[in-house]
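Taking it in order: structure first as structure tokens, then the write-up.
Here, each number is a calculation from the coordinates, and none is a lab measurement. In this text the structure is predicted, and so the values were computed from the model without any measurement. Neighbour counts run over all protein chains shown; Cβ positions are idealised from the backbone, glycine included.
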Amino acid sequence: MKVRLMATRLRGLPILALALVIASFPATAAEPKWQHGLAMHGDLKYGADAKHFDYVNPGAPKGGSVRSAAIGGFDSLNGFIVKGNAAAGVGTIYDTLMSSSADEAFSAYGQLAELVRTPDDRSWVEFKLRANARWHDGKPVTVDDVIFTFNSLIEKGQPFYRYYYGNVKEVRKLDALTVRFEFKPGENRELPLILGQIAVVPKHYWQSRDFGATTLEPPLGSGAYRIAAVDPNRSITLERVKDYWGKDLLVNKGLDNIDTIQFEYYRDATVALEAFKAGRFDYRMENSSKAWATGYDTPAVKKGLIKLEKFNHDRTSGMQGFAYNLRRDMFKDSRVREALAYAFDFEWSNEHLFYGQYGRTRSYFDNSELAATGLPDKDELALLEPLRGKLPARVFTDEYQPPKADGSGDIRANLRTASKLLRDAGWIIKDGKRVNEKTGQVLAFEVLLVSPLFERVVLPLAKNLEKLGVAARVRTVDSAQYQRRMDTFDFDVVVGSWGQSQSPGNEQRGFWGSHAADQEGSRNLTGIKSEAIDALIEKIIAANDRKALVTATRALDRVLQWNFLLIPHFHAGYDRIAFWDKFGRPSVTPKSGNQILAWWYDEAKAKALAETKKNLGN
């Protein structure tokens with residue numbers, strides 16, 4: 001301590017004087033303790049002596065294979081960059097510093113890092129790496145790898161990394177196993193956990209390669225799987241690493257049970273469904289309500305060879321919708337954006353297209369306590385009032401609800417409301433077309449799709465818009481062209497989706513932040529730029545407890561709602577899974593929903609399945 005080091009200089013002073021000198025030194029804050037995990041708010045569920053998560057089978061057998069489908073194609077095994085289309089599953093070859101549990105709002109436990117520590121104000125974080133962590137070539141994972149990864153992601157990675165890690169001031173090596181991240185001034189309590197999510201890459205592998213380039217050479221990893229085979233645009237095969245260094249960790253025990261994982265690519269979901277029913281692959285998460293209701297009428301389902309099961313979850317639904325590109329002049333007026341939403345008849349669509357399987361999404365954080373309902377309470381108002389002049393007035397006076405109809409298909413009342421909004425915004429009817437009364441521009445736009453499955457949802461909307469004099473054309477493109485147009489914001493309207501966690505934070509900058517609006521490849525698809533939204537995002541990031549986080553998120557939610565960035569879609573509170581009956585799975589489904597990596601290959605079931613199919617001549 002400084003006081004002991006200066007003792008010789010203080011010798012001979014009167015006792016009272018000495019006491020005054022010592023008292024004048026600033027108190028030294030207690031050194032934060034090393035921990036096995038870190039919670040965003042509150043306490044960790046799993047203690048330092050926990051051996052596995054509650055939703056896994058720690059004795060699950062290892063072996064077998066699972067085949068799944070992917071749509072489109074791929075031309076790269078580098079999923080960290082904007083360039084190229086990365087293959088499915090490439091992230092499984094990497095370990096992260098920490099790994100989150102699926103049954104807590106946001107808690108993480110050590111993976112590559114054995115221990116973590118951060119002060120109460122979370123102004124920095126340190127990770128102590130495990131001495132036995134190894135790359136697949138046998139070399140140790142080092143602090144130099146962590147630093148190299150961070151710098152590479154900032155310099156050459158996808159744009160969201162720069163927003164995600166924007167508050168990091170410095171990263172430095174403290175010793176052979178300890179790395180420290182120093183943060184810029186300002187509260188960002190989530191940042192230690194976010195840095196724990198870094199998928200670390202090997203410096204010794206990448207320093208002779210271009211991290212910013214696409215590649216079809218299987219990269220070196222440290223995770224439970226390695227890439228075994230690659231057939232560009234057709235398939236990728238992952239194999240379980242038998243001597244995986246981390247197999248007995250809390251975050252890994254009972255997971256990664258299947259020896260071989262293969263993703264086979266198909267042109268579209270319709271072709272993939274037929275391939276699944278023919279036995280070409282084993283496991284399918286069904287995203288189509290129509291397919292779930294009508295597409296599995298096959299003998300294999302009737303005889304129990306294919307299982308169809310719903311797995312309930314409590315995760316935030318997030319938001320999906322027809323997202324407007326506010327960079328286009330025609331969508332800059334919020335009245336236009338609000339008006340077009342009245343042409344989407346969800347109630348009719350749910351009955352006739354979705355088989356009643358969905359609920360209407362009204363919040364960007366639906367299915368959670370984070371969703372804004374009613375009018376803002378006093379805690380929300382404390383955040384919103386200073387921004388009043390920069391917010392839509394209805395944020396303070398009305399609860400947002402998307403337009404509703406009676407399900408009959410007759411939405412004339414809604415269309416009348418839409419027509420008035422358009423006229424108020426300066427768009428009038430001329431020769432049967434909706435035109436801008438000042439410029440003469442026709443209100444026409446393209447809805448860009450990557451899957452023909454959504455055409456059946458868009459076409460009824462287009463017909464309703466036609467009644468308003470608005471021309472909406474639908475264009476479906478291949479996955480490569482679609483991704484490029486998304487990255488460069490070359491679209492009018494697109495089906496946008498923003499997944500949300502129970503603990504939102506830095507990612508909101510990439511979703512809605514002004515700085516992300518013009519950054520190629522960012523998740524700010526709508527191009528919204530708002531000082532008020534930026535300010536509320538920072539309130540979320542700085543929230544020091546759960547209550548403050550919920551309040552700030554609700555405030556942001558209602559501001560997003562009243563900006564009419566999109567036409568909200570729909571959601572379900574369960575996962576729809578179809579699979580050939582040759583797997584075992586844990587009895588517990590966590591809050592986050594089904595965990596495929598906790599399943600295992602059941603040899604007895606697989607043998608019985610093969611015999612039955614043989615007897616059926618299939």
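Sorted from longest to shortest, the spans of the Cα atoms of the chain along the three principal axes equal 100, 71, 44 Å.
Take every DSSP beta bridge whose two residues both sit in the chain, then give the antiparallel share in percent to the nearest 5. DSSP beta bridges in the chain are roughly 80 percent antiparallel. Tell me, which longest segment in the chain has none of the GluC sites (Glu not before Pro) that fall in DSSP loops with at most 16 further Cβ atoms within 10 Å? Segment 1-368 is the longest. For region 160-170, putting each phi into the Karplus relation 6.51 cos²θ - 1.76 cosθ + 1.60 with θ = phi - 60° gives couplings of 5, 4, 5, 7, 4, 9, x, 8, 7, 8, 7 Hz, in residue order, rounded to whole numbers and with x for Gly and Pro.
When each of Tyr244, Tyr163 is scored by the number of other beta-carbon atoms lying within 10 Å, the sequence from fewest to most is Tyr244, Tyr163. In terms of surrounding Cβ atoms within a 10 Å radius of their Cβ, Val141, Val230, Val457 rank from fewest to most as Val230, Val457, Val141.
Note on region 319-571: Cα-only Rg and Dmax are 18.0, 58 Å. Dividing the summed helix terms, -39500 (n - 2.57) for each DSSP H run of n ≥ 4, by the number of residues in the chain produces a 222 nm estimate of -7500 deg cm²/dmol to the nearest 500. All distinct Cα pairs of region 501-618 go into the 1/r average, and the inverse of that average, the Kirkwood radius, is 18.3 Å. Each principal axis of region 365-475 carries a Cα extent, and these read 49, 38, 29 Å when sorted largest first.
Count charges around Ile541 for me, please; just the other residues with Cβ under 9 Å from its Cβ, Lys/Arg as +1, Asp/Glu as -1.
0
For the chain, which longest stretch is free of loop sites, where a loop site is one of the trypsin sites (Lys or Arg not before Pro) that DSSP puts outside H, G, I, E and B and that has at most 14 other Cβ atoms within 10 Å?
439-618
The equivalent ellipsoid of region 287-333 has semi-axes of 39, 16, 6 Å, largest first, where each one is the square root of 5 times an eigenvalue of the Cα gyration tensor. Cα-Cα pairs above 16 Å in region 563-618: how many percent? Roughly 62 percent, rounded to a whole number. Here's how it looks for Leu115: its modeled amide H is under 5 Å from those of Lys128, which are all 5 or more places away or on a different chain. Please give the Cα centre distance for region 319-376 versus region 61-95, rounded to the nearest Å. The distance from the Cα centre of region 319-376 to that of region 61-95 comes to 31 Å. Between Asp210 and Ala278, the modelled label-to-label distance comes to 3.9 nm, taking each label 7 Å out from Cα in the direction of the beta carbon. Each Cα pair under 8 Å and six or more residues apart adds its sequence gap; the mean of these over the residue count of the chain is a relative contact order of 20 percent.
Dividing the convex hull volume of the alpha-carbon atoms in region 122-214 by its residue count gives 99 Å³ per residue.
Bin all alpha-carbon pair distances of region 247-315 at 10 Å intervals from 0 and give each bin's fraction as a whole percent. Values per bin, smallest distances first: 15, 39, 32, 13, 1.
Here r is the Cβ-Cβ distance between Asp268 and Asn312 and R0 is 25 Å; the resulting FRET efficiency, rounded to 0.05, is 0.30.
Applying a threshold of 27 Å to the alpha-carbon distances of Lys169/Lys378; Lys277/Lys605; Lys310/Lys605; Lys378/Lys539 flags Lys169/Lys378 as lying beyond it.
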